[in-house]
1. Loop only by DSSP, 14 or fewer other Cβ within 10 Å of the Cβ. Give me the trypsin sites (Lys or Arg not before Pro) in region 161-264 that pass, ordered by residue number.
2. Hand me the trypsin sites (Lys or Arg not before Pro) from region 91-120 located in a DSSP loop with no more than 11 other Cβ atoms within 10 Å, in residue order please.
3. Tell me which lysines have Cα within less than 21 Å of Lys252's Cα, excluding those fewer than 8 residues away on the same chain?
4. Which value, in Å² rounded to 10, gives the accessible area of Glu264 with a 1.4 Å probe and all protein chains present?
5. Calculate for the chain the 222 nm mean residue ellipticity that helices alone would give, adding -39,500 (n - 2.57) per DSSP H run of length 4 or more and normalising by residue count, nearest 500 deg cm²/dmol.
6. Here are several values of percent of Cα pairs over 26 Å apart: [x] 39; [y] 53; [z] 44. Which one was derived from the coordinates shown?
7. Once the dipole of the chain is set up with Lys and Arg at +1 and Asp and Glu at -1 on Cβ about the Cα centre, which of Pro65, Ile116, Ala194 lies farthest towards its positive end?
8. Over region 145-276, what percent of the accessible surface lies on carbon and sulfur atoms, probe 1.4 Å?
Amino acid sequence: MQNVKTADVSHLGGSLIGYRFGAEYNPALPTLVMVNSFTTSSELCRAQYADEALMGKVNLLAIEPYGHGVTRTQSEQFTYWDSAIANLQVLDRLGISSAFVLGTSQGGWIAVRMAILAPKKIKGIIPLGTSLDYESAASRDLGCWTADDFCNPLILDLAQPVGPDWVPSDEYCSGLAESGLGENVSDDNRAFWAKKLRENYKGDEGRRRIRMCAINLRDRDGLHGRLDYVECPVLWLHGSEDQVYSVANAQKEIAGFTRSKSAELKVVEGGNHFLSATNPVEVNAYTLAFISKWN
């Protein structure tokens with residue numbers, strides 16, 4: 001796995017967008033853009049970079065959204081649409097004319113936005129453990145989480161400036177690991193993500209970014225009215241044990257892709273919210289088959 005690099009793009013008055021290839025880019029292979037989940041980073045894709053079969057047939061390119069990883073901009077304000085636009089600008093900067101997009105949770109709705117904005121560039125999307133609604137009562141009725149319970153205290157707690165030694169709390173780090181990787185997350189994974197969170201979100205600059213990420217998560221716009229603008233094929237993968245967004249919600253929303261060449265939902269038994277990390281064997285196999293079919 002290569003080190004994270006940054007691409008200089010024009011969006012939001014100029015931004016440095018973090019990206020990571022699995023290996024040297026091969027123009028003869030299709031490219032899979034991977035978009036990470038809330039407050040994680042390109043490290044979420046470690047299991048994909050470790051898969052030799054996938055790496056041998058696809059360029060793996062993780063792009064870190066605004067507020068995440070090493071991505072930086074002078075604007076404190078950003079949305080998921082901004083991340084989708086910036087990701088497309090990164091592809092242009094790297095000379096990649098078309099790509100598939102796999103996105104976990106928030107990465108799923110960034111992937112959909114990319115497909116809406118650039119239908120000729122995005123060849124297919126693979127949302128994982130996501131929801132395409134805003135945080136609505138209807139989604140909660142279908143068994144999805146109550147975002148306010150998680151986001152409101154975080155947004156309020158991070159409203160005031162902090163000192164240079166500030167880092168996310170033990171409670172936050174542990175809660176993110178459990179919600180994404182399951183209640184039985186290993187001690188090693190819990191420690192890994194606690195370390196990464198504290199490295200990336202420290203001091204007042206880190207506080208501002210994590211707060212905006214939480215505001216975006218809670219207050220985002222829904223995509224139900226725009227799903228018929230997605231023309232490319234869609235493969236939605238969802239873990240049966242996802243604690244954040246339910247299978248029932250995914251079953252309802254997949255039907256919204258009425259103009260896609262294909263729209264299919266696969267439920268991965270035993271899978272958690274960060275599905276590519278908890279069930280990489282299934283995710284990688286489905287992904288490779290999907291790209292082979294539609295490339």
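1. Qualifying residues, ordered by number: Arg259, Lys261.
2. In loop regions of region 91-120 (DSSP not H, G, I, E or B), the sparsely surrounded trypsin sites (Lys or Arg not before Pro) are Lys120.
3. Of all the lysines, those that pass the test against Lys252 - Cα under 21 Å, at least 8 places apart if same chain - are Lys261, Lys266.
4. Solvent-accessible area, nearest 10 Å²: 80 Å².
5. So the calculated ellipticity at 222 nm is -12000 deg cm²/dmol.
6. Read-out from the structure maps to [x].
7. Farthest along the dipole direction, towards plus: Ile116.
8. Values: 2860 of 6280 Å².
Exposed carbon and sulfur together represent 46 percent of the surface.
The values are calculated or read from the model by the stated rules, or taken from the named source; none is laboratory data. Keep in mind the model is a prediction, meaning the values are calculated, not measured. Ideal geometry is used to build each Cβ from the backbone, glycine not excepted, and the neighbour counts take in all protein chains shown. Ligands, DNA and RNA are stripped out before the accessible areas are found, and what is left, the full protein with its side chains, is counted by its heavy atoms. Shrake-Rupley method; radii C 1.70, N 1.55, O 1.52, S 1.80 Å.
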